[in-house]
Each structure stands twice: as structure tokens, then as C-alpha cells.
Amino acid sequence: MKKLLIVLLVCLALVGCTSKPKETEHLTVLSPKGAPSLSLINYFKEVGDEKVITTVDGTDALTAAFTNPNSEYDMIIAPINLGSTLIKKGVTDYRLAGVVTWGNLYIVSGNIDLTLPTLKYLAAFGQNAVPNKVLDTVLQGQEVEVTYFNAVSDVAAQLLSLKHTAGLVAEPVASTVMNKMSDMEIVIDMQEEWKRVTGYDNYPQAAIFVHKDVYAEKKDSCEAIFDLLAKEVDMSTLKADMDSISQEVLGVASGVMSNETYDRMNIEFKYANDVKDEILAFLKLFGIEDISEIVVK
């Protein structure tokens, strides 16, 4: 009888252990402000006041985190070309896990009849970076006088001051310009032009990179965050969620956010292994011909 009781207790203990849900921890994430930070909306809501997400302007802080051997971040969201190039150079232990935002570049103008073949002058940003590469790919050698500015906000200022009649901008800046000047419209969707030229539906912009040791040791926690990134955002509460996080943290004002603006930002998480062709087609523009060592294993 005593032996039977012991066996039953052992069985119950084993059942209890196997049925206990896996515990995941909230990992630290560094992200640029803007569309990449909006990809983290569901994670922001999950962690609440826990300070595990840091957002920054520009790429200097991202590069420093990538190359710091004692980086405090488990994951980094960054332009896919930035992280991938650093991996290729062998100066970082982070690896590509997935894409979080896709192309969100648009040409805005007060000339609603403007088309790509009739484009002659353009204000743009991102020289030698993603916008420049996408523009060159789409133009296919077409002669356009492009004036590059330091930031997308500078291009917006050129449009609003009427110093330029057409400008290459990213969402949500495109919506900001159109809200301030009612005669401004999106006249050229660069994603559609990219598809026309390359055959791919879109190109990856911001990606999430995970430290390879963190992924090896805390795969369940990593996957839990990826699930949140892939989860559909509740559009009925998006503005309220953005306000609760704050414009300062996100780098995006809730006042410019509409369903159309959000859709044009092309925020959608995809595992890197599921979109290797799209990633490679884009990274070839930066001289990367093989991504086998870039993607996390």
C-alpha cells in the first residue's frame, strides 16, 4: 500500500512538472524611434512599466550596441543593412532573426500628375543608405536631379516651404506633410515601383537582431517576443496605446496616425528564414551575396 502511494505521488509530481507553463522573461531591446518602435507596441503593452525597451534617434547608438562586447541589450532593432554589414565584418555577436518593417518610402508632391517617367527634380534623404539604394534601383538609370538632405525632416521642410516641388519621404512624415498642406499627395509609391523592377513585393528595412548566446540560452523568451511582434495590433486602441507610451519614446505623434498611415508604414514581422530571397535581393545592393552566416541558427 505504501509503495502504491509513493508511486502515485511521484506520478502526480511528474504531471505537475510537465504541465507547468514555460516561464519566459522580458528581454532587453534597443530600437530606433519611428516605425521600428511601433513594431514593439504589443511588447510595450506586455512589459508595462518594466524598463526593458530603449529607443534612440539615429544609428550611432545602434552601432555602439552591436559592437560592444558587453552590450546590455539582448535584441537590437536596426536597419537590416547596418546589422548585416557588421555581422559580415565579424565585429558583432548578434544575428538576424526577422524583419519587422518593410518599405515605407513615398514621393510626395503638389503636382498630382507627376509620375516616375516625368520626374526631373527631387529632394531626398539617406544618401548612400536605404533610400538612395531604393531610388537608384527604381530609377534604373533615369536622369533625375536629386538633392540629398541630412534627414527626412529636412525634406519635409523643403516641401512645406515650397523650395522643392517633390520629395522622397518615409511614413509617418508623408502623412505629416499632407496634413499640413492639403494640396500635397503621395504621387509615387516606391514599394510598387520596387515590385515592378525587381519582382519582389517589398524590401526589408528594419530587422530584429538577437545576441547569439541569448538565443541559445533563452530561446523560449526570444520566441515569446517574436510572437508579440507578429501579433496583429489592435487599431481601435492604437492611438491610446501610443499616448500611454509617449511621443518622446516612440518618436511618432499619435495625432498623425490613421489606419492609412499605419498601413503605409508596412510594419509586419517575418522570420528571416521565411523571407531569405527578399533579404538577399536587398542586401546585394550593399555588396552582401550570402546571408547564411547572418541569420540566427
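Near ARG264: Cβ cut-off under 9 Å, other residues only, Lys/Arg at +1 and Asp/Glu at -1. The net charge is -4. The angle between the Cα long axis of helix 2-19 and the longest principal axis of the Cα atoms of the chain comes to about 0 degrees, rounded to the nearest 10. In the chain the longest region clear of GluC sites (Glu not before Pro) that are loop-assigned by DSSP and have at most 14 other C-beta atoms within 10 Å covers 144-231. In degrees, nearest 10, range 0 to 90: what is the angle between the Cα axis of helix 80-89 and the longest Cα principal axis of the chain? Approximately 70 degrees, to the nearest ten.
Put a plus charge on the Cβ of each Lys and Arg, a minus charge on the Cβ of each Asp and Glu, and nothing anywhere else: the dipole of the chain about its Cα centre is then about 840 debye. Taking a point 7 Å out from the Cα of ASP113 in the direction of its Cβ, the residues of region 136-172 whose backbone N falls within less than 20 Å of it are 164-167.
Between the helical axis of 219-230 and the longest alpha-carbon principal axis of the chain there is an angle of about 40 degrees.
Between SER246 and THR24, residue separation times 0.36 nm minus the direct Cα-Cα distance comes to 77.3 nm. Between the listed residues THR165, SER175, ALA124, the Cα displaced farthest toward the positive end of the dipole of region 105-198, a dipole computed from Cβ unit charges relative to the Cα centre, is found at ALA124.
Given a cut-off of 30 Å, what percent of all Cα-Cα pairs of the chain lie beyond it?
On the way: 16318 of 43956 pairs.
Cα-Cα pairs of the chain separated by over 30 Å account for 37 percent.
Rounded to the nearest 500, the helix-only mean residue ellipticity at 222 nm of the chain stands at -12000 deg cm²/dmol, with each DSSP H run of n ≥ 4 adding -39,500 (n - 2.57). Computed FRET efficiency, Cβ-Cβ of ASP263 and GLU217, R0 30 Å: what is it to the nearest 0.05? Result of the calculation: an efficiency of 0.20. Simple spin-label estimate for VAL146 and LYS276 gives 3.0 nm between the two label positions (7 Å along the Cα-to-Cβ direction from each Cα). Summing Cβ point charges (Lys, Arg +1; Asp, Glu -1) relative to the Cα centre of region 105-198 gives a dipole of roughly 140 debye. Between ASN179, ASN202, ASN104, the Gaussian network model of the chain with springs among Cα atoms under 10 angstrom shows the greatest mean-square fluctuation at ASN179.
Within the shell of other residues whose beta carbon sits under 14 angstrom from the beta carbon of TYR215, the net charge comes to -2, with Lys and Arg scored +1 and Asp and Glu -1.
FYI, it's all coordinate maths here, none of it is from the lab. Computed from a predicted structure; not experimentally measured. Here Cβ is always computed from backbone atoms with ideal geometry, including for glycine, and neighbour counts include all displayed protein chains.
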